[in-house]
Amino acid sequence: MDSIKNFIKLTNDIATAGQPKEIEFKDIAEAGYKYVINIGMLDHPHAVATENKVVAELGLTYVHIPVAFDSPTKEQVRFFCNLMSSLKGTKIFVHCIMNFRVSAFMYHYLSKVEKLPESEAKSLMFEYWELDPVWEELMSWSSSDIGL
């Protein structure tokens, strides 16, 4: 699993990463993950065009929430948080292209839904990511802003 770009095990049941290579989805399945949630865009040069098929053939459930890097929405964050809440107790692998989008979305889920302190809700990825104004704003959204 450590070969997957920017892999981080956030909790016992949730791991995040950048875009896995096609062959790495087998490692994800063998590690016991049951769901793969992709919030990256499929038209990105590093995306795996057949990811849904690859994941399904491994017996995992694939969910795609296409989040444009320059325009994430409160509705997408709310949908993501509700989805994660509905899957609680299941091993979930969440990724985008670099693990930036995912880190921001997971922050909202872990801090607002799971009520973890900021130190536990914030991924290590924030140490490597200089937020632009779009993502600074997203990180400032309250539960009320998102509709949680």
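The values are calculated or read from the model by the stated rules, or taken from the named source; none is laboratory data. If you're wondering where the values come from, they're calculated on a predicted model, not measured in any experiment. Positions of Cβ are backbone-derived with ideal geometry, glycine not excepted, and every protein chain shown enters the neighbour counts. Protein only, heavy atoms only, side chains kept; ligands, DNA and RNA dropped before computing areas. Shrake-Rupley method; radii C 1.70, N 1.55, O 1.52, S 1.80 Å.
Selection within region 70-90: residues that are of a type in the set (D, E, K, R) and in a loop (DSSP other than H, G, I, E, B). The member of this set that is nearest to ILE37 (Cα to Cα) is LYS88.
Scanning region 83-98 for residues that are surrounded by fewer than 16 Cβ atoms within 10 Å (Cβ to Cβ) and not β-branched (Val, Ile, Thr) returns SER85, SER86, LYS88, GLY89. For LYS115, the conditions (1) part of a helix (DSSP H, G or I); (2) modelled with pLDDT of 95 or more are fulfilled apart from (1). Taking each residue of region 111-125 that is over 15 Å from SER143 (Cβ atoms) and looking for partners that are outside any helix (DSSP H, G or I) and open to solvent by 30 Å² or more (accessible area, probe 1.4 Å) with beta-carbon atoms closer than 7 Å, six or more apart or interchain, yields SER123/LEU10; MET125/ASN6.
Does at least one position in region 58-67 carry a residue that is open to solvent by less than 60 Å² (accessible area, probe 1.4 Å) and among the aromatic types (Phe, Trp, Tyr)? Yes: one or more hits.
Results for (1) farther than 14 Å from LYS91 by Cα; (2) under 15 Å from the mean Cα position of the chain (by Cα); (3) modelled with pLDDT under 95; (4) among the hydrophobic types (A, V, I, L, M, F, W, C), shown as yes or no for each residue.
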site: SER3; (1), (2), (3), (4): yes, no, yes, no
site: LEU10; (1), (2), (3), (4): no, yes, yes, yes
site: PRO20; (1), (2), (3), (4): yes, yes, no, no
site: GLU24; (1), (2), (3), (4): yes, no, no, no
site: ILE28; (1), (2), (3), (4): no, yes, no, yes
site: TYR33; (1), (2), (3), (4): no, yes, no, no
site: VAL36; (1), (2), (3), (4): no, yes, no, yes
site: ILE39; (1), (2), (3), (4): yes, yes, no, yes
site: ALA49; (1), (2), (3), (4): yes, no, yes, yes
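What is the residue count in region 15-28 for residues that are open to solvent by 20 Å² or more (accessible area, probe 1.4 Å) and among the hydroxyl-bearing types (Ser, Thr, Tyr)? Here the count works out to 0. Across region 123-148, the qualifying residues are those that are open to solvent by less than 80 Å² (accessible area, probe 1.4 Å) and under 15 Å from LEU10 (Cα atoms), and the one among them that is farthest from the chain's Cα centre (by Cα) is PHE126. You will find that of VAL67, VAL102, VAL94, the residue that is in a strand (DSSP E or B), of a type outside the set (Asp, Glu), at pLDDT 95 or above and under 17 Å from ASN6 (Cβ atoms) is VAL94 and no other. In region 1-21, what count of residues is obtained for those that are acidic (Asp, Glu) and in contact with a Lys or Arg (Cβ under 9 Å, 6 or more places away or on another chain)? Residues in region 1-21 being acidic (Asp, Glu) and in contact with a Lys or Arg (Cβ under 9 Å, 6 or more places away or on another chain): 1 in total. With respect to the stated conditions, LYS53 fails to be basic (Lys, Arg), assigned to a loop (DSSP other than H, G, I, E, B) and out of contact with any strand residue (DSSP E or B) (no Cβ under 7 Å at 6 or more places or on another chain). Contact map, region 29-51: residues that are open to solvent by 20 Å² or more (accessible area, probe 1.4 Å) paired with residues that are among the small types (Gly, Ala, Ser) and outside any loop (DSSP other than H, G, I, E, B), Cβ distance under 8 Å, separation 6+ or inter-chain. Pairs shown: ALA31/ALA15.
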